[in-house]
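**Q** Handing you a structure now.
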Amino acid sequence: MAGNTSTALVVVPRGEVALARKDTKITDPLRLVRDDVHLHDREEVRKYLPDILGRALARIWIDQSFAQSFATDPKTTLEQAGVYLPDTMAIEFAKASSDRPKIIVYESQPNSKFRIRVLYLQLVMMAGK
């Protein structure tokens, strides 16, 4: 980089690491959400859950016990992390040995065997030069 001009969105002085705003206390750096999140309908799930599940996918890469818990029961694991979904929502987690992990969120209506896919996430890593 030429000169002292920074193109960073948030400039942090050298030697300092910005973890959060000054008024925010981080008690668990691996927590998915700062405060409990209660999602009530499909629109809220579509709006807020992709960011949370993106953090969950990233944590799966670095936390083996979280990965095992999430693979066994994703919805309960999210609840233990402070994220609560409507009862009509179900989450499927899939990871083949060579595949990247993926999460699919479905919504089903009572007394119906059909499910609507609400969202799909898959961790994709890209390298650049």
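Just so you know, all these numbers are worked out from the coordinates, no wet-lab data involved. Everything numeric in this text was worked out from a predicted model, so none of it was measured. A quick note on method: Cβ atoms are made from the backbone with ideal geometry, for glycine too, and the neighbour counts reach across all protein chains shown.
**Q** Give the calculated FRET efficiency between residue 41 and residue 64 to the nearest 0.05, with a Förster radius of 30 Å applied to their Cβ-Cβ distance.
**A** Given R0 = 30 Å and the Cβ-Cβ separation, E is 0.35.
**Q** Given +1 on the Cβ of Lys and Arg, -1 on the Cβ of Asp and Glu, and no further charges, what dipole in debye does the stretch 27-85 carry about its Cα centre, rounded to the nearest 20? Kindly include the intermediate steps, with their values, before the conclusion.
**A** Numbers: 8 positive and 10 negative charges, 37 e Å.
In debye, rounded to 20, the stretch 27-85 gives about 180.
**Q** For the residues 43, 92, what sequence is obtained by ranking on other C-beta atoms within 10 Å, fewest first? Write out the running numbers ahead of the final one.
**A** Numbers: 43 10, 92 13.
Fewest-to-most Cβ neighbours within 10 Å comes out as 43, 92.
**Q** Can you give the charge dipole size of the stretch 37-122 about its Cα centre, rounded to the nearest 20 debye, using +1 on the beta carbon of Lys and Arg and -1 on the beta carbon of Asp and Glu?
**A** 280
**Q** Which of 89, 58, 77 sits closest to the plus end of the dipole of the stretch 49-105, meaning its Cα is farthest towards the positive end, when Lys and Arg get +1 and Asp and Glu get -1 on the C-beta?
**A** 58
**Q** Calculate the FRET efficiency for residue 124 and residue 87 from the Cβ-Cβ distance with a Förster distance of 35 Å, rounded to the nearest 0.05.
**A** 0.70
**Q** So what are the ³J(HN,Hα) numbers for the stretch 101-110, from phi and the Karplus equation (6.51, -1.76, 1.60; θ = phi - 60°), rounded to whole Hz, Gly and Pro as x?
**A** Going residue by residue, I get x, 9, 10, 10, 10, 10, 10, 10, 9, x Hz, with x marking Gly and Pro.
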